[in-house]
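Colleague: Take a look at this one; I'll ask things after.
What follows is calculated from the coordinates using simple rules that are stated; it is not laboratory data. What you see is a predicted model; the values in this text were computed from it and never measured. Every residue, glycine as well, gets a Cβ built from its backbone with ideal geometry; the counts of neighbours run over all protein chains shown.
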Amino acid sequence: MESIVKQNIPEALKIAQPKYHSSYLVNGELLTWKGETSEVYSTISSTVPYAPTLLGSVPNMGEKEALTALDAALNAYDQGQGAWPTMKVKDRIECMENFVRIMATKREEVVKLLMWEIGKTQADSEKEFDRTVDYIYDTIEDYKKLDRDSAKFQKSDGVYAHIRRGPLGVVLCLGPYNYPLNETFTLLIPAIIMGNTAIFKPAKHGVLLITPLIEAFQKSFPKGVVNILFGRGRAIAGPIMETGKVDVLALIGHSSSANALQNQHPKSNRLRLVLGLEAKNPAIILPDADLDLAIDECISGTLSYNGQRCTALKVIYVHKDIIQEFNKRFSERVDGLKFGNPWDPGVQLTPLPEKDKPDYIQELIEDAGQHGAQVINKRGGKRTENFIWPAVMFPVTKEMRVYKEEQFGPIIPVLSFEDIQEPLDDMAESNYGQQVSLFGKDVFALAPLIDTLANLVCRVNLNSSCQRGPDVYPFTGRKDSAVATLSVHDALRSFSIRTFVASKDNKANLEILEKLLETKLSNFISTDYLL
Ligand code: G3H
């Protein structure tokens, strides 16, 4: 396979100077790190011959800084008495509006770093940024609605109740490398707007792209509400969890990390979990499916962002009557995709940000080969310095690693089935339960399948690939795929708890309530609302 050469890089996107980033945010202060740092490399080359590009460096912090950041978050929350958790909804929203206004001015810088750090195409990097800005505005609107709906008293059995959603406390927020901006912010933004305070550590790749936003956090929120650290998860998140002072672990990543961190918390009953974890979403293609459509959707489902999405299609089941035709046409389509750097026009496949990923995919190919599968597309498994061409593997069986592991990269296992019960049984046995794609036309076949699949996963995509969006829809999963539900609306619920003031219906209490409303002394007891 051809290497990618430096002349492909537009002038504005070249890395003229590495970014040696040294500041971090704790207790409202932008502090300068003087200790050890970690270099950040892109697997994209700026030179011929190939060499990874040095993008800069970030602080490599440890336990001491982690615990200082935790203290800052604890003080800002102040056992629920802090200015932030007791603040009027209107004022918290104002802080968030300030933040998103400043954030929007950093688009170019963040998008450029998204391309270099994680190899996402320019169009998808722009989409990730814009989608995140939209998500913040939508969250603000939804929070206003939530607030409007709770600006009232209810009465039952002679007891008045003023019910709201209150914050949970301190949130440790950890996002994934494949959506280092969007998915991290879909945790962090709802967490803080609901009145929690947070410690946030960027993912292992996609770290520098957070740095243009640190100042926006500092300028927009009171001290200690958002604390941002850099370093390895083990060095930062572990010691924070061990204190038992974190109320919510918000993580999008692998269940092994989530479990390890959860187990470090001494009081698991006090720890709320908001987790988006791994998945192995299947496509099931029935004999009457529109094959053109199914192939289009399976191409984007398996290979957008090289398959590095938790929602990617990671195994394809095709009915035996159409398997030959599917394999032939699907393989040709895979080989016809365009590989290049993220900014190359029309590019669909891009360099893999994890330098060991091509070796891992190769291992999966070899293991499947030893168990009787073949790479059925001509270019499958061909390598460059930073990529391995997507390999379509057939026939895949259950003992193969590519069947069992979440590949999170360019390899596509294909199985054929005769009886629909086969994929259903596999899904029931699987550790994962996020989504499925079902391709077919006959409603008599589809109806019972939809009814079963809806109980095995949390989203059945009819004649379309799996995806998270639109962000107003619930994003969750069963088994090892998620804990709690995210969406613009659900995330506000996941990061809060219902809490209320109750009072018996008598003269004295009514007088107090009326005075509280009249004087506006309480931020909680209030029937004012925002339009
Ligand atoms: O990595 C998993 C993401 O939630 C996928 O989101 O379906 O919008 O690519 P997406």
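Colleague: Looking at Gln374, Val170, Gly231, which one has the Cα that reaches farthest to the positive end of the dipole of the chain (charges on Cβ: Lys, Arg +1; Asp, Glu -1)?
Modeller: Val170
Colleague: If you don't mind, another one. Could you line up Ile295, Ile412 from fewest to most neighbouring Cβ atoms inside 10 Å? Don't jump to the answer; show the numbers that get you there.
Modeller: On the way: Ile295 19, Ile412 30.
Final ranking by Cβ density, sparse to dense: Ile295, Ile412.
Colleague: Same structure again: Out of the GluC sites (Glu not before Pro) in segment 306-355, which ones are loop residues according to DSSP with at most 12 other C-beta atoms within 10 Å?
Modeller: Passing sites in segment 306-355 do not exist.
Colleague: Let me know the charge dipole size of segment 1-130 about its Cα centre in debye, to the nearest 20, where only the beta-carbon of Lys, Arg (+1) and Asp, Glu (-1) is charged.
Modeller: It comes to approximately 220 debye.
Colleague: Would you mind working out the magnitude of the charge dipole of the chain relative to its Cα centre, with +1 at each Lys and Arg C-beta and -1 at each Asp and Glu C-beta, to the nearest 20 Debye? Numbers along the way, then the final one.
Modeller: Numbers: 60 positive and 67 negative charges, 296 e Å.
My answer is approximately 1420 debye.
Colleague: Output the direction-averaged projected area (hull surface divided by four) of the convex hull of the alpha-carbon atoms of segment 454-531, in nm². Walk me through the intermediate numbers first.
Modeller: Details: hull surface 35.6 nm².
Taking a quarter of the hull surface, the average projection is 8.9 nm².
Colleague: Spin-label point model (7 Å from Cα, Cβ direction): what's the Asn8 to Gln421 distance in nm?
Modeller: Each label point is offset 7 Å from its Cα along the Cβ direction, giving 5.0 nm.
Colleague: Another question about this same structure. Between Rg and the Kirkwood Rh of segment 206-362, both from Cα atoms, what is the Rg to Rh ratio?
Modeller: 1.09
Colleague: Related question: Which of the trypsin sites (Lys or Arg not before Pro) across segment 458-531 are loop residues per DSSP, with 16 or fewer other Cβ within 10 Å?
Modeller: Values: sites: Arg459, Arg468, Arg478, Lys479, Arg493, Arg498, Lys504, Lys507, Lys515, Lys520; in loops: Arg468, Lys520.
Answer by residue number: Lys520.
Colleague: Between Glu36 and Asp296, take the C-beta separation as r, use R0 = 60 Å, and let me know the FRET efficiency to the nearest 0.05.
Modeller: Once the sixth-power term is evaluated, E becomes 0.80.
Colleague: Quick check: Cα centre of segment 367-398 to Cα centre of segment 462-487, how many Å?
Modeller: Taking the Cα centre of each part, segment 367-398 and segment 462-487 sit 29 Å apart.
Colleague: Cα-Cα pairs above 32 Å in the chain: how many percent?
Modeller: I get 48 percent for the Cα pairs in the chain exceeding 32 Å.
Colleague: Would you order Thr186, Thr243 from fewest to most other beta-carbon atoms within 10 Å of each residue's own beta-carbon?
Modeller: Going from sparsest to densest Cβ surroundings: Thr243, Thr186.
Colleague: Let me have the relative contact order for segment 228-362, percent, based on Cα pairs under 8 Å that are six or more residues apart.
Modeller: This gives 17 percent for segment 228-362.
Colleague: Explain nothing, just the number: relative contact order of the chain, from Cα pairs under 8 Å at least 6 residues apart, as a whole percent.
Modeller: 18
Colleague: Considering just Cα atoms, how many Å³ per residue does the convex hull of segment 380-531 enclose?
Modeller: 228
Colleague: Still on this structure, please answer the following. At most 16 other Cβ atoms within 10 Å and a DSSP loop assignment: could you name the chymotrypsin sites (Phe, Trp or Tyr not before Pro) in segment 467-528 that fit?
Modeller: Taking segment 467-528 and a limit of 16 other Cβ atoms within 10 Å, the loop chymotrypsin sites (Phe, Trp or Tyr not before Pro) found are Phe524.
Colleague: May I pose another question? Would you mind getting me the FRET efficiency between Ala508 and Asn75? Use the beta-carbon distance for r and R0 = 41 Å, nearest 0.05.
Modeller: In this case the efficiency is close to 0.65.
Colleague: In addition: Rg/Rh for segment 1-115: what does it come to with C-alpha atoms and Rh from Kirkwood?
Modeller: Rg/Rh: 1.11.
Colleague: I need the calculated FRET efficiency for the pair Glu363 and Asn523, taking r as the beta carbon distance and R₀ as 56 Å, to the nearest 0.05.
Modeller: After rounding to 0.05, the efficiency reads 0.50.
Colleague: A further question on this structure: For segment 201-266, what ratio Rg/Rh do Cα atoms give with a Kirkwood hydrodynamic radius?
Modeller: Result for segment 201-266 is an Rg/Rh of 0.99.
Colleague: Against the longest principal axis of the chain, how steep is helix 507-519, in degrees 0 to 90 to the nearest 10, with axes from Cα atoms?
Modeller: The answer is roughly 70 degrees.
Colleague: So what is the calculated 222 nm ellipticity per residue for the chain, using -39500 (n - 2.57) for each DSSP H run with n of 4 or more, over all residues, to the nearest 500 deg cm²/dmol?
Modeller: Mean residue ellipticity, 222 nm, calculated: -11500 deg cm²/dmol.
Colleague: Give me the three principal axis extents of segment 382-455 from the C-alpha atoms, as integers in angstrom, largest value leading.
Modeller: Computed over the Cα atoms, the extents are 49, 26, 22 Å.
Colleague: Using +1 on the beta carbon of Lys and Arg, -1 on that of Asp and Glu, and nothing else charged, what's the dipole of segment 297-341 about the Cα centre, debye to 20?
Modeller: 120
Colleague: Under a point spin-label approximation (7 Å from Cα along Cα-to-Cβ), what is the Lys479-Arg101 distance to one decimal in nm?
Modeller: 4.9
Colleague: A follow-up question, please. So how do Ile15, Ile285 line up by other beta-carbon neighbours within 10 Å, fewest first?
Modeller: Listing Ile15, Ile285 from fewest to most nearby Cβ atoms yields Ile15, Ile285.
Colleague: To make sure I understand the rule: partners must be aspartates and glutamates, Cα under 13 Å from the Cα of Lys245, and not fewer than 8 residues away in the same chain. Which ones qualify?
Modeller: Filter leaves Asp71, Asp78.
Colleague: What's log10 of I(q)/I(0) for segment 115-203 at q = 0.20, 0.23, 0.25 Å⁻¹, Debye sum over Cα points only, no solvent?
Modeller: -0.98, -1.12, -1.21
Colleague: In percent, how large is the relative contact order of segment 1-157, given Cα pairs closer than 8 Å and 6 or more residues apart?
Modeller: With pairs under 8 Å counted, the relative contact order is 17 percent.
Colleague: Additional query: Given the pairs Lys14/Lys328; Lys106/Lys201; Lys201/Lys355; Lys144/Lys520; Lys90/Lys155, which are separated by over 28 angstrom at their Cα positions?
Modeller: Violating the 28 Å Cα-Cα cut-off are Lys14/Lys328.
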